[in-house]
1. Can you give the extra length, in nm with one decimal, that the chain gains between residue 211 and residue 147 once fully stretched, where that is 0.36 nm per residue apart less the Cα-Cα distance?
2. Can you grab the distance from the C-alpha centre of segment 35-54 to the C-alpha centre of segment 283-304, Å, no decimals?
3. What ranking do 71-77, 277-283 get when scored by the average of other Cβ atoms within 10 Å per residue, highest first?
4. Measure out, as a whole number of angstrom, how far apart the alpha-carbon centroids of segment 175-205 and segment 134-159 sit.
5. Once you list every other residue whose beta carbon is under 11 Å from the beta carbon of residue 305, what net charge do they have if Lys and Arg are +1 and Asp and Glu are -1?
6. Ordered by residue, what ³J(HN,Hα) values in Hz, to whole numbers, does segment 166-178 give under the Karplus form 6.51 cos²θ - 1.76 cosθ + 1.60, where θ = phi - 60° and Gly and Pro are x?
7. Give me the log10 of I(q) over I(0) for the chain at q = 0.11 Å⁻¹, as the Debye formula computes it from C-alpha points; what are the numbers?
8. What does the highest-first list of 290-296, 86-92, 188-194 look like by mean Cβ count within 10 Å?
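The values are calculated or read from the model by the stated rules, or taken from the named source; none is laboratory data. Predicted model, so just to flag it, every value in this text is computed and none were measured. Don't worry about glycine lacking a Cβ; one is built from the backbone with ideal geometry, like all the others, and counts go over all protein chains shown. Side chains included, ligands, DNA and RNA excluded: accessible areas come from the protein's heavy atoms. Shrake-Rupley method; radii C 1.70, N 1.55, O 1.52, S 1.80 Å.
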Amino acid sequence: MTSPTRPAHPRRTSRLRAFVRRWTPRRVGVRTRILLTFVVGALLLSGVLFFLTYTLTRSNLRARDGELGLSDQLITETLGSVRASLILATIITVLVGLILGIVSSERVVRPLAGAADAARAIAEGRLDTRLEPTDDPDMNALTDSFNDMVARLQDRVERDARFASDVSHELRSPLMTLAASVEVLSSRRDELTERSQAALDLLVADVARFSGLVEDLLEISRYDAGAVRINHDTLRVTELVEQSVKASSLPRTPVHVDERCQHMVLSGDRRRLARVVANLVDNARNHGGGSASVRVEPAEDSASHVRICVEDAGEGVPEADRERIFERFSRGAGASKRGAGEGAGLGLALVREHVRLHGGRVWAEPRHDGAAGARFVVELPCETLN
Ligand SMILES: Nc1ncnc2c1ncn2[C@@H]1O[C@H](COP(=O)(O)OP(=O)(O)OP(=O)(O)O)[C@@H](O)[C@H]1O
Ligand SMILES: [Mg+2]
C-alpha cells in the first residue's frame with residue numbers, strides 16, 4: 001500500500017529536486033534566494049506576456065491584412081513598436097521585481113538578524129535580552145518561543161546562583177564557630193597528646209581550606225547576582241604589586257618593575273586586585289614548582305595598559321588547558337598530583353572576574369625566555385603620573 005504522504009511520482013520528484021539542487025549555488029543565502037525568486041519570476045512573467053502579446057498581435061494583423069488592406073511596411077512598423085513597448089515593459093517588470101525582492105528579503109532577514117544579535121547578547125551573559133514583538137503573526141511565533149526560552153534560562157541561572165549563595169551563607173556561620181573553636185584548641189596545642197596534635201593540625205588546615213572555598217563561592221555568587229560594587233582607589237601599580245606579593249603565600253617572591261611603570265597608577269579595588277596577584281602567586285607555589293617571580297611591564301601595544309606577569313618554573317600549562325583553567329571548578333591535569341594542593345578550581349575563575357571588573361584581561365602563556373614554566377599575564381588599564 002502506498003503511504004499517503006509519499007509523492008505520486010517519486011522518481012520524477014527526486015529528479016526535479018536533484019535538478020533544482022544542481023542549479024542552485026551552494027552558498028546562496030536567504031536574501032539572495034528571495035531576490036532571485038522575484039527577478040526570475042518577473043522575467044518568466046514578462047517573457048510569457050511578451051510571447052503571447054507579440055504572437056497574437058502578429059497573427060491578428062496578418063489575418064485582417066486583406067480585409068483592411070494594410071501595407072507590409074505598416075505591419076512591420078506596428079510590430080516593431082509593439083516589440084519595443086514589450087521590451088520596455090519587460091525591463092520595468094524586472095526592475096520592479098528586483099526592488100520588491102530587495103524590500104521583501106530585507107523584511108524577512110531583519111528579524112533573523114535581530115534574533116542573532118539577541119542570541120549573541122545572551123551568550124555574553126546579558127540574560128535580560130528579549131526580542132521585540134512584531135506585527136507579523138508568523139514572526140511572533142518565533143519571537144514568543146525565543147523569549148520564553150530565554151526567560152526560563154534566566155530563571156534557571158538565577159536559581160542556581162541563588163542556591164550557591166544560600167548554601168555558602170548557611171555554611172558560613174557554623175564554619176566561623178568551627179574556626180573559633182579550632183583556634184581555642186590551637187592555643188592549648190602543647191597540652192594535647194602527639195596524636196591529638198596531629199589531628200588538630202589536619203583540622204586547622206581543612207577548616208582554613210573550607211573557609212576559603214566558602215568565601216570564594218560567596219564572591220562568585222555576588223558576581224552572578226551582579227551585586228559586586230568596586231571601591232575606586234587610586235593605586236600605584238608598584239606598591240600594589242609589592243604589597244600583594246607580601247600578603248601571598250610566597251612573600252619573598254622577587255618583583256621586577258620596568259622603569260616605564262614606576263609612575264603608573266590605576267583606579268581599582270585594592271582588596272580584589274591584591275587577591276588577583278596573591279592567587280596567581282599561590283598557584284605558582286601549588287602548581288608551578290613552588291617558586292615565582294613577578295614582573296610589572298607596560299603592555300606592548302599601548303602605554304595606557306600595564307601588565308602584571310607572574311612566572312614560575314613548573315611544568316607550565318598545556319596549550320589545550322590555557323582557556324579551560326579559567327572556568328569554575330576546573331582543575332588542570334597537574335592538579336591531582338601530590339603537592340599540588342587541594343584547591344577547588346575557583347581561584348582563576350575569580351581572578352578573571354576581578355580583572356574583567358577592572359576593564360582588563362588575563363591569560364596564561366609559556367614563558368618568554370624559553371624556560372619551562374607558566375606565565376600568567378594580567379593586563380589592566382592605567383595612567384602615568386608626570
Ligand atoms: N602556575 C600554574 N602552573 C601550572 N598549572 C596551573 C598554574 N596555575 C593554575 N594551574 C592549573 O589551573 C587549575 C585551576 O587553577 P585555580 O587556581 O583556578 O584552581 P586551584 O588552584 O586548583 O584551586 P583554588 O585556587 O580554588 O584553591 C589548577 O588546578 C592547575 O591545574
Ligand atoms: Mg588556585
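1. Here the segment from residue 211 to residue 147 would lengthen by 19.1 nm.
2. 70
3. 277-283, 71-77
4. 55
5. -3
6. Result, ordered by residue: 5, 4, 4, 4, 5, 6, 4, 5, x, 5, 5, 4, 4 Hz.
7. Debye intensities relative to I(0), on a log10 scale: -0.98.
8. So the peptides 290-296, 86-92, 188-194, ranked by packing, come out 290-296, 86-92, 188-194.
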